[in-house]
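This report refers to the structure that appears directly beneath it.
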């Protein structure tokens, strides 16, 4: 993982740390934060945030600046997975917004 990904992982960790039910693992080149064994958020290389969203919210969220369907290697991931660019999570309030979206979509 590069420095931007590690910095994002630190920021995510600070937000989710109070929740004792969050587990952290390295998965697929990503620092993943899991809730009940499922990925809540991931810090990806380049400081890209990976989240899974509720199906009902996906279309609306993909219209937001910096949000795009998640891509892993040459493949686009299945529905509900979104990559959020570093510019869209530049401050902690923006990052918290996306983490809250991921919590709502968990499951």
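Only the coordinates and a few stated rules stand behind these numbers; no lab work does. Source: prediction; values computed, not measured. So basically every Cβ, Gly included, is an ideal-geometry build from the backbone, and we count neighbours across all protein chains shown.
Miscellaneous remarks
- Here Rg/Rh (Cα atoms, Kirkwood Rh) was computed from the coordinates, and among (1) 0.92; (2) 1.51; (3) 0.97 the match is (1).
- Where labels lie 7 Å past Cα in the beta-carbon direction, separation of residue 78 and residue 25 in nm: 1.6 nm
- When the chain is treated as a GNM with alpha-carbon contacts under 10 Å, the residue of 86, 18, 45 showing the greatest mean-square fluctuation is 18.
- Linear extension gain, residue 54 paired with residue 103, 0.36 nm per residue minus alpha-carbon span: 16.7 nm
- Shape call, the range 15-57: gyration tensor on alpha carbons, a/c limit 1.5: oblate
- Extension gain, residue 14 to residue 36: 0.36 nm times the residue separation minus the Cα-Cα distance gives 6.0 nm.
- Gain upon complete extension [residue 6, residue 62; 0.36 nm per residue less C-alpha separation]: 17.7 nm
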